[in-house]
1. For the chain, what does the alpha-carbon gyration tensor say about shape, rounded, prolate or oblate, given a ≥ b ≥ c as the root eigenvalues, a/c under 1.5 as rounded, and a/b over b/c as prolate?
2. Let me know the shape class of region 101-211, please: from the alpha-carbon gyration tensor, a ≥ b ≥ c as square roots of the eigenvalues, rounded when a/c is under 1.5, otherwise prolate if a/b is greater than b/c, or oblate.
3. Expressed in nm to one decimal, what extension gain is obtained for the pair residue 55 and residue 112 from 0.36 nm per residue of sequence separation less their Cα-Cα distance?
4. Would you work out if region 45-106 is rounded, prolate or oblate? Take a ≥ b ≥ c from the square roots of the eigenvalues of the alpha-carbon gyration tensor; rounded if a/c is under 1.5, else prolate when a/b is larger than b/c, oblate otherwise.
5. Could you name the lysines whose alpha carbon sits less than 21 Å from that of residue 34, not counting residues in the same chain fewer than 8 places away?
6. Roughly speaking, what is the stretch gain from residue 26 to residue 153, that is 0.36 nm per residue apart minus the C-alpha to C-alpha distance, in nm to one decimal?
7. With the crude spin-label approximation of a point 7 Å out along Cα→Cβ, what separation in nm comes out for residue 161 versus residue 14?
8. Run the paramagnetic zone check for residue 174: 7 angstrom along Cα to Cβ, then residues of region 1-41 with backbone nitrogen under 14 Å.
Amino acid sequence: MNKTYPFVLQDLPYSYEALVPVLGSDTLHFHHDKHMNAYVDNLNKALEPYSDFHNLSLPQLLTKLYELPQAAQTAVRNNGGGVYNHSLYFSTLIHPNAGTTPSASLQAAIDRDFGGFDQMLTQLRQAALGRFGSGWAYVVADENGVLSICSTANQDVPDLSKFAPLMTVDVWEHAYYLDYQNRRPDYFDALMTLINWDVVSKNYEQSAFCL
Ligand code: MN3
């Protein structure tokens, strides 16, 4: 996420079969190789004419969106957000057999800010299922390490100057249609078995702002 222009599609940190049967390899191929790849390509196309911005990281671009030339703002918002959101999403998944759990410090924050792990997932589920149309639901930390749930539409990201996203749920239909058709609740419940809490914990421990 610290990379700058030209952005490169990162390989998945696991094989295309690694998340079967929760997410099939067809879903991962289309989602990563086609959908995410298009966001990377279109982000680079949008930035190509503006060399003054080629040294900015993706979080910096998304935070300074309105300092960009107006002609590039919508494309960077949509495609830069698409790269940011998918990078976070894919990086926090792993096969359920990995059996990861939150670190002591993340678990303490979950208990303090949600009243427990199940309560956190209940709030995240409400945000994911309540998002009309396409978008994302997140667990984020603020600059004091306080956790909360939020949701965005389309490929928008939370305000990265105020919140560090720790994990996210893609609720665009392309994330689940091949495996779950229109059943977003089934997808959400299954996806929660794939969350790599080791990575989420690391994101929490590194969340003191480093744009
Ligand atoms: Mn997606």
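1. Since a/c reaches 1.5 but b/c is at least a/b, the shape of the chain is classed as oblate.
2. Prolate.
3. Net length gain for the segment: 16.7 nm.
4. prolate
5. 3, 45
6. Between residue 26 and residue 153, full extension yields 43.2 nm more.
7. 3.6 nm
8. Taking a point 7 Å out along Cα→Cβ of residue 174, the residues of region 1-41 whose backbone N falls under 14 Å are 27-41.
FYI, it's all coordinate maths here, none of it is from the lab. This one's a predicted model, so the numbers in the text were calculated from it and none came from an experiment. For neighbour counting, all protein chains shown are included, and Cβ atoms are generated from backbone atoms with ideal geometry for every residue, glycine included.
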